[in-house]
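Structure first, commentary second.
The values are calculated or read from the model by the stated rules, or taken from the named source; none is laboratory data. Bear in mind the structure is a predicted one, so any value in this text is a computation, not a measurement. Positions of Cβ are generated from backbone atoms using ideal geometry, with glycine treated the same way; all protein chains shown enter the neighbour counts. To get the accessible areas, we keep the full protein, side chains included, count just its heavy atoms, and leave off ligands, DNA and RNA. Shrake-Rupley method; radii C 1.70, N 1.55, O 1.52, S 1.80 Å.
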Amino acid sequence: MLPALPPPTRAAIVRGAVGATPGEEHRTLAAVTTTLAPDQRHRLYADLGLPETWALRG
């Protein structure tokens, strides 16, 4: 579903999912981005204001 959404909508949904998992934010972000193409993933991280390596920290 995420790949089919426009970037602003995708970012809003992911922001909500990450915010709903305190202490697991990194894992949640890594998990939800697995279905995105590389360019979509780059855009999502840019829209979230995070470096792509952020999800790998957890």
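Tell me the relative contact order for the chain as a rounded percent, counting alpha carbon contacts under 8 Å between residues six or more apart. All intermediate terms of the calculation are to be shown ahead of the outcome.
Details: 46 pairs, mean separation 24.3, N = 58.
Reported as a whole number, the value is 42 percent.
To the nearest 10 square angstrom, what accessible area does D39 show with a 1.4 Å probe?
100
I need the semi-axes of the equivalent ellipsoid of the chain: take the C-alpha gyration tensor, multiply each eigenvalue by 5, square-root it, list largest first in whole angstrom. Before the final figure, lay out the partial values.
Details: eigenvalues 54, 30, 20 Å².
Sorted largest first and rounded, they come to 16, 12, 10 Å.
What dipole magnitude, in Debye to the nearest 20, does the chain give about its Cα centre under +1 on Lys/Arg Cβ and -1 on Asp/Glu Cβ?
On the way: 6 positive and 5 negative charges, 6 e Å.
Dipole magnitude for the chain comes out near 20 debye.
Within the accessible area of region 5-58, what % is carbon and sulfur when the probe is 1.4 Å and the other protein chains stay in place? List each step's numbers first, then the result.
Details: 1950 of 3190 Å².
Of all accessible area on region 5-58, carbon and sulfur atoms account for 61 percent.
In Å², and per residue, what accessible area does the chain have when probed at 1.4 Å with the other protein chains present?
Accessible surface, normalised per residue, equals 61 Å².
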